[in-house]
Amino acid sequence: MATKGTPPVSRVAGYAAQNEERRALYLSYIEYCNAHNFKAMELFYTSPINVNDEPWAPSKVTAQFKPLIAAFPDWHWEIRNLTIKGDYLALHLRVTGTHQGTFQGIEPTGCRVTATQFTLYHLLDGKFADVWDLVDTDSLIKQIEQVDSTDYTISFFRWNGTELIRHPLPPYAARKLEERYQFNPANRPQSISYTDDEFEKKFGSEKYNELVKGREERRDIARRFGNN
């Protein structure tokens, strides 16, 4: 017999089964999202579906994803947390993609971006009837705006008999080079520095100890020769 105030075991089991069913529904949906299968995604929506309290046709919901996928062809949603309470599903998502098409007027940069998304769904008869969505678009824009290639000039060096002289490549030649070899200034190597703790965490204690040993040896040599 159940204790007073405690739901019967059968009811608890029913809640658990219902939650698993709804979890499976969302996992199936997110697979279609990551496959960018818009037609399949529409099957999960009521018609209309309320998006941020506005009634939308299912086709309008998926239409908003098309320019996003065009700009970030590998756009991917990763579930960080999924909480189910009754007919509501609360999602914390990590979204990633590579900027390969024009987005918000910004030309492709080749940048890899990451953003955070929070979404709340309300289910009705096994479909999404309401959705409230919040994506950190400002962070995404900042990540692709921070690439500044205007100071990057393709150039070559020519020996004049005395020294190497730098000559900028003519614009038409630079464009041909970029088109042929898919050169993107955004992908140029960046200098990377680490604190001691970051280096040890990334490369392991053995590599870190080698680094420290080498650093101490160089300091010892500098001290000995500096005193002469």
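Every number here is computed from the coordinates shown, using simple stated rules; none is lab data. Note that the structure is a prediction, hence the values are computed from the model and not measured. Every residue, glycine among them, receives a Cβ derived from its backbone with ideal geometry; neighbour counts consider all protein chains shown.
Quick rundown of the values:
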{"read-out": "Fewest-first sequence of Trp77, Trp132 by Cβ atoms within 10 Å of each Cβ", "value": "Trp132, Trp77"}
{"read-out": "Ranking of Tyr45, Tyr15 by count of other Cβ atoms within 10 Å, fewest first", "value": "Tyr15, Tyr45"}
{"read-out": "Sum of side-chain charges, Asn50 neighbourhood, beta-carbon under 14 Å (Lys, Arg +1; Asp, Glu -1)", "value": "-3"}
{"read-out": "Burial ordering of Ile106, Ile30, fewest other beta-carbon atoms within 10 Å first", "value": "Ile106, Ile30"}
{"read-out": "For region 9-145: Kirkwood Rh in Å [reciprocal of mean 1/r, alpha carbons]", "value": "16.0"}
